Amino acid sequence: MRPPLAMSDAITPQLLLSAYAAGVFPMAESSTSDVLHWVDPQRRGIFDLDSFHISRSLSRRIARGGYSIRTNYDFEGVVAACADREETWINAEIFALYKALHQAGFAHSLEVWETEHLVGGVYGVAIGGAFFGESMFSRRTDASKLALAWLVHRLRAGGFTLFDAQFITPHLASLGAIEISRSAYHERLKQALPLDATFDPAGYAPTAQSVMQRKIQTS
């Protein structure tokens, strides 16, 4: 972990983008902390987009429906929901920075809705062909798993090659995240950044069936 960066040493959205491109990201100790840390883990969690596996139980849940998927519809609501837990690294400055990145077109959310209720989602930052996943939440059983499956399908369709999950947790591991070395991560990042990927590919119209089969539908 890098030395702490005090709030007085203000992080700008552009500095945050440069940090991601260099392989580091900020975290606060808690929602009330006034200090941010730059983090560059020795072991990095990622989702391998080419070998992402959807379990039979998740396939059944995708097919069962009763939900809708939206992107960037309520970005702030997703970040707020991710921060609404007993322990969180999302403080006020973190929230403001990602809001600014979203307004600039670099931060995105994928959301799971039941009628007009936001029940799950994930948000992150996109630069080139790298998507840096920040956090996810679930207010219904399997809602975060649904968000992840639809997100992986979208990233593949958009030409992304790296899905950064930062740290491995038991929950992420159960969803297929793997851990690689810092050097291996930086090599993947170096290859991904120059790519011309997009979070909203032209003509992209996924269906539950295509998501379950991991096929890319573009018409």
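Taken over the range 91-111, the criterion of being more than 14 Å from the chain's Cα centre (by Cα) and either open to solvent by less than 50 Å² (accessible area, probe 1.4 Å) or of a type in the set (A, V, I, L, M) (or both) is satisfied by 91, 92, 93, 94, 96, 97, 100, 104, 105. Only a single item in (1) part of a helix (DSSP H, G or I); (2) modelled with pLDDT of 95 or more; (3) within 15 Å of the chain's Cα centre (by Cα) is not met by residue 122, and it is number (1).
Looking at the range 9-22, I want the residues that are among the acidic types (Asp, Glu) and have a partner that is crowded, with 17+ Cβ neighbours inside 10 Å with Cβ atoms under 8 Å, at least 6 apart or on another chain. Which pairs are those? Listed by first residue and then by second, the contacts come to nothing, as the list is empty.
Need a quick list: helices (runs of 4 or more DSSP H) entirely within the range 125-219 having at least 1 residues that are among the aromatic types (Phe, Trp, Tyr) and surrounded by 16 or more Cβ atoms within 10 Å (Cβ to Cβ). Steps first, answer last, please.
On the way: elements: 143-158, 170-174, 182-192, 208-213.
Here the list reads 143-158, 182-192.
Once the range 78-90 is narrowed to residues that are open to solvent by less than 20 Å² (accessible area, probe 1.4 Å) and of a type outside the set (Val, Ile, Thr), the residue that is farthest from residue 28 (Cα to Cα) is 81. In the range 44-73, what residues are over 19 Å from residue 205 (Cα atoms), open to solvent by 30 Å² or more (accessible area, probe 1.4 Å), outside any loop (DSSP other than H, G, I, E, B) and not hydroxyl-bearing (Ser, Thr, Tyr)? If the condition is that a residue be over 19 Å from residue 205 (Cα atoms), open to solvent by 30 Å² or more (accessible area, probe 1.4 Å), outside any loop (DSSP other than H, G, I, E, B) and not hydroxyl-bearing (Ser, Thr, Tyr), then 56, 60 are the ones that fit. Number of residues in the range 1-14 that are at pLDDT 80 or above and in contact with a strand residue (DSSP E or B) (Cβ under 7 Å, 6 or more places away or on another chain) equals 1. Scanning the range 78-95 for any residue that is in contact with a Phe, Trp or Tyr (Cβ under 7 Å, 6 or more places away or on another chain), modelled with pLDDT of 95 or more and not β-branched (Val, Ile, Thr) turns up nothing. Screening residue 81 with (1) under 24 Å from residue 211 (Cβ atoms); (2) aliphatic (A, V, I, L, M); (3) in contact (Cβ under 8 Å) with a residue 60 or more places away in the chain gives one miss only, at (3). Determine if the range 15-25 includes at least one residue that is open to solvent by 50 Å² or more (accessible area, probe 1.4 Å), under 30 Å from residue 115 (Cβ atoms) and modelled with pLDDT under 95. Scanning the range 15-25 turns up no residue that is open to solvent by 50 Å² or more (accessible area, probe 1.4 Å), under 30 Å from residue 115 (Cβ atoms) and modelled with pLDDT under 95.
The values are calculated or read from the model by the stated rules, or taken from the named source; none is laboratory data. In this text the structure is predicted, and so the values were computed from the model without any measurement. Methodologically, a virtual Cβ is constructed for each residue, glycine included, from the backbone with ideal geometry; neighbour enumeration extends over all protein chains shown. Side chains are part of the model used for accessible areas, which takes the heavy atoms of the whole protein and leaves out ligands, DNA and RNA. Shrake-Rupley method; radii C 1.70, N 1.55, O 1.52, S 1.80 Å.
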